[in-house]
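The values are calculated or read from the model by the stated rules, or taken from the named source; none is laboratory data. Because the structure is predicted, anything quoted here is derived from the model rather than measured. Cβ: placed from backbone, ideal geometry, glycine included. Neighbour counts: every protein chain shown. Keep in mind that these areas ignore ligands, DNA and RNA; they rest on the heavy atoms of the full protein, side chains included. Shrake-Rupley method; radii C 1.70, N 1.55, O 1.52, S 1.80 Å.
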Amino acid sequence: PDVLVIDDEADSRRVTARILAASGADVREAESGEAGLVAMRRRRPDVAVVDLMMPVLDGFGVIAAMRADPRLRGVPVVVLTAK
């Protein structure tokens with residue numbers, strides 16, 4: 001599966017990506033909510049792993065934008081957060 005990991009914390013993003021890649025996923029990374037939406041609009045992922053607590057556009061905003069976009073509303077979301 002094509003998985004997009006969206007997290008502003010580089011270490012958390014890399015660890016999550018490494019674990020998913022080890023299980024056979026094709027993993028892409030985005031360092032912010034805005035970058036995540038751009039990446040999803042370029043290439044729709046099979047699933048998005050989204051951190052809730054990010055500056056500017058947080059995970060709640062990313063999910064709301066995905067649900068408002070007909071091309072992205074069907075993408076499953078896994079919420080991963082330290083909160």
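The table below gives the values:
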{"quantity": "Hits in segment 55-74 - residues which are in a loop (DSSP other than H, G, I, E, B), within 21 Å of Glu9 (Cα to Cα) and open to solvent by 60 Å² or more (accessible area, probe 1.4 Å)", "calculated": "Pro55, Val56"}
{"quantity": "Residue in segment 72-81 that is at pLDDT below 95 and out of contact with any helix residue (DSSP H, G or I) (no Cβ under 6 Å at 6 or more places or on another chain) present", "calculated": "yes"}
{"quantity": "Per-region count, segment 3-54, residues in a strand (DSSP E or B) and open to solvent by 20 Å² or more (accessible area, probe 1.4 Å)", "calculated": "5"}
